[in-house]
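These notes are about the structure you will find just below.
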Amino acid sequence: MVMLFSQARGLPVVTAGEAAELGTVDALTIDASAQCISHVRLSGTRAKGHPVLAWNLVRTVGQDAVIAHSTPAAETTPTQAPVHREALGSRVLTDLGDEHGAVKDIAFDPTTGHIRTIYTTLGPIPGPRLIGLGDYALVVRAH
Amino acid sequence: MNTLVLASELTKRPVVTLEGEAVAQIKDTVFDGPAGQITGFTLNGRGLLSGPLKQSLPWPAVHALGRHAVMILGREVLAEPAAVVASGEAAGGGVLGVRVLTDEGTDAGTVLDVVVEADGRVAGFQVAAIEPPEHRRRTVFIPRGEGVAVSGQALVIPAEACRFVADDLPSFTAQVEIFRTRQAARGTGAGQEGRERTW
């Protein structure tokens with residue numbers, strides 16, 4: 001089973017043990033070198049800015065909610081989170097320096113967080129080809 | 001064969017790391033004339049208020065010269081400006097506007113631009129032809145031969161290169177292929193002759 005980034009946005013994040021709502025999904029942060037989601041950025045909480053939830057605290061992303069392992073709210077502060085680079089809408093470049101449209105959506109494994117497919121305006125690209133995501137572009141291997 | 005591109009079109013192309021970060025944009029392409037190869041690039045910063053960078057991009061550090069970006073492994077491959085400029089001539093000051101002469105002494109025009117391949121080799125030159133009796137258009141492309149000589153005053157090309165002139169870049173790609181095949185075929189048999197004609 002796969003989920004799309006567009007489906008995950010806006011889902012409530014609920015802890016499994018206490019059924020406490022930590023907030024809603026604002027965006028998913030990618031670790032491009034691992035081709036994996038590293039953090040869930042939250043919104044709708046009373047805290048300032050965007051608290052983040054490390055992916056290892058996520059149990060699964062379901063159709064209607066993100067289920068997190070029981071966790072104190074203090075762990076959702078963005079202290080050690082990497083800079084969030086928004087993948088959706090990003091320009092796509094190959095490692096050969098040729099553009100390949102823009103990112104429309106991304107399919108991921110809702111349990112492991114692995115990137116399965118990057119859907120671009122010029123067609124899908126397998127997730128394992130992802131090598132970088134920066135301020136200028138999402139970079140994929142051409143072959 | 002690689003796609004051909006005019007050196008002037010490389011100006012302003014972004015320099016992007018494989019992590020997707022844009023670190024600079026191309027200012028000028030610097031050539032090693034005798035070797036017929038790009039030495040590297042001088043750089044500008046990105047953005048409206050950015051000026052020249054105190055860093056350059058040597059050709060060996062280029063991961064790929066693409067149609068939309070020059071890819072590098074990371075910011076750390078950028079070098080001192082001297083790494084590029086000292087060993088070559090900036091495109092603006094070097095070969096542009098220079099007189100083109102054949103090795104038989106015929107004036108073939110002046111250099112408008114340099115045609116490069118994605119592997120950094122100089123494929124030829126865009127030339128403003130002065131007397132176009134056999135070419136209807138004034139702007140032509142002339143392939144770079146093995147016997148090419150470049151200075152600040154003139155560019156001397158083999159007379160044979162004038163027979164492989166093209167009017168646009170796509171047809172020039174095919175011409176360069178034919179010209180190189182001929183030169184390679186002659187190269188094996190004409191070694192003796194080449195040595196006698198040393199000057």
Inset, instruction - Quick one: in segment A:133-143, of everything that is of a type in the set (Gly, Ala, Ser) and either more than 7 Å from chain B (Cβ to nearest Cβ) or surrounded by fewer than 23 Cβ atoms within 10 Å (Cβ to Cβ) (or both), which residue is farthest from A:ARG85 (Cα to Cα)? - result: A:ALA142
Inset, instruction - Tell me the strands (runs of 3 or more DSSP E) entirely within segment B:1-84 that contain at least 2 residues that are out of contact with any strand residue (DSSP E or B) (no Cβ under 9 Å at 6 or more places or on another chain) and not assigned by TED's automatic domain parsing to the domain that holds B:ILE142. - result: none
Inset, instruction - Have a look at B:ALA7, B:ALA64, B:ALA35 and point out the one that is in contact with an Asp or Glu (Cβ under 7 Å, 6 or more places away or on another chain) and either free of Cβ contacts under 8 Å to residues at least 12 places away in the same chain or within 14 Å of chain A (Cβ to nearest Cβ) (or both). - result: B:ALA64
Legend entry - Odd one out for B:THR102 among (1) at pLDDT 85 or above; (2) of a type in the set (Ser, Thr, Tyr); (3) closer than 20 Å to B:PRO14 by Cα: (3)
Legend entry - Residues within segment A:84-118 that are among the hydroxyl-bearing types (Ser, Thr, Tyr) and more than 10 Å from every other protein chain (Cβ to nearest Cβ), tallied: 3
Legend entry - 3 or more residues at pLDDT 90 or above: qualifying strands (runs of 3 or more DSSP E) within segment A:23-84: A:36-43, A:58-61, A:66-68
Legend entry - Test for B:GLU160: is it assigned to a helix (DSSP H, G or I), modelled with pLDDT of 75 or more and out of contact with any strand residue (DSSP E or B) (no Cβ under 7 Å at 6 or more places or on another chain): yes
Inset, instruction - Those residues that are surrounded by fewer than 22 Cβ atoms within 10 Å (Cβ to Cβ) and either without any contact (Cβ under 8 Å) to a residue 12 or more places away in the chain or farther than 20 Å from A:GLY89 by Cα (or both), I need them from segment A:23-42; list them, please. - result: A:THR24, A:ALA34
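The values are calculated or read from the model by the stated rules, or taken from the named source; none is laboratory data. As the structure is a computational prediction, the values presented were derived from the model and not from experiment. When we count neighbours, we look across all protein chains shown, and the Cβ atoms used for this are built from the backbone with ideal geometry, even at glycine.
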